[in-house]
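Only one structure is covered here, and it is reproduced in the block below.
The values are calculated or read from the model by the stated rules, or taken from the named source; none is laboratory data. Keep in mind that what you see is a predicted model, and the values were worked out from it rather than measured. Cβ: placed from backbone, ideal geometry, glycine included. Neighbour counts: every protein chain shown.
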Amino acid sequence: MSNPAETFDAGLLQLSTSIHLELETGAREKMLQFVALLQKWNRVYNLTAVREARAMVQRHLLDSLVLCAWLPPESCEGRVSADLIDVGSGAGLPVLPLALARPDLTFISIESNGKKTRFQQQVLVELGIKNVRILNQRVEDVAAQNEVSASIVTSRAFSAPHDFLRIASSLCATDARALIMLGHVERLETPLPEPFHLEELVPVDIPGNSAARHVAVCRCKQV
């Protein structure tokens, strides 16, 4: 495949066999614009080690969209601060692709690195994304304030799974789930820290990426 758009279209087709994903009009183009912005800003701000646009589609965009399988069918707005909180979101992954895929849901991005949150803010402006709130803070500080909660809390590359879960517990609404994106399953030690239990550990196939990928779905038992 010669360009990012073809790579993305082929990847979406492959993903559709495992997850239900119907993009609204214009979402595909905005996702490709996101990749173009990421490549542009990356030359100066070093946001990711991935440099080439086609690889960004495979290793960042499609990898993020896999989590659509666990997003709620409708918004929980009014009962939580956001439908999903992304911890240590970096350059906005997976939160920005998820927000583009599901404009009916609300999202919070937590990232302490200023240059990365400035990039995210620019993406919101240029792509007209209205359903993401960005917090340029340490997640430990956000959790300690106990002012935000979500029905889903996720991490793509924030820290070791147990460290993430200990922080995520303060961000979880009642009966929430924490989604951890893993490479090899050996990274997930059991038992999980309270108040979590492992609901499922799912292997996922990322189009164009042969590396092992799994999603650990951890249910928060607190009331």
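Numbers below:
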| quantity | calculated |
| --- | --- |
| Residue identified as modelled with pLDDT under 95 and either surrounded by 15 or more Cβ atoms within 10 Å (Cβ to Cβ) or within 25 Å of LEU23 (Cα to Cα) (or both) among SER149, SER89, SER155 | SER155 |
| The range 14-69, subset β-branched (Val, Ile, Thr) and without any contact (Cβ under 8 Å) to a residue 60 or more places away in the chain, residue surrounded by the most Cβ atoms within 10 Å (Cβ to Cβ) | VAL35 |
| Subset of the range 27-52 [small (Gly, Ala, Ser) and modelled with pLDDT of 95 or more] | ALA27, ALA36 |
| Unmet criterion (only one of (1) part of a helix (DSSP H, G or I); (2) farther than 27 Å from LYS40 by Cβ; (3) modelled with pLDDT of 95 or more; (4) not aromatic (Phe, Trp, Tyr)) for LEU124 | (2) |
| Test: residue in the range 90-106 that is closer than 14 Å to ILE134 by Cα and part of a strand (DSSP E or B) | no |
| Only one of ALA176, ALA216 that is farther than 30 Å from THR7 by Cα, touching a strand residue (DSSP E or B) at 6+ places or on another chain (Cβ under 8 Å) and crowded, with 19+ Cβ neighbours inside 10 Å | ALA176 |
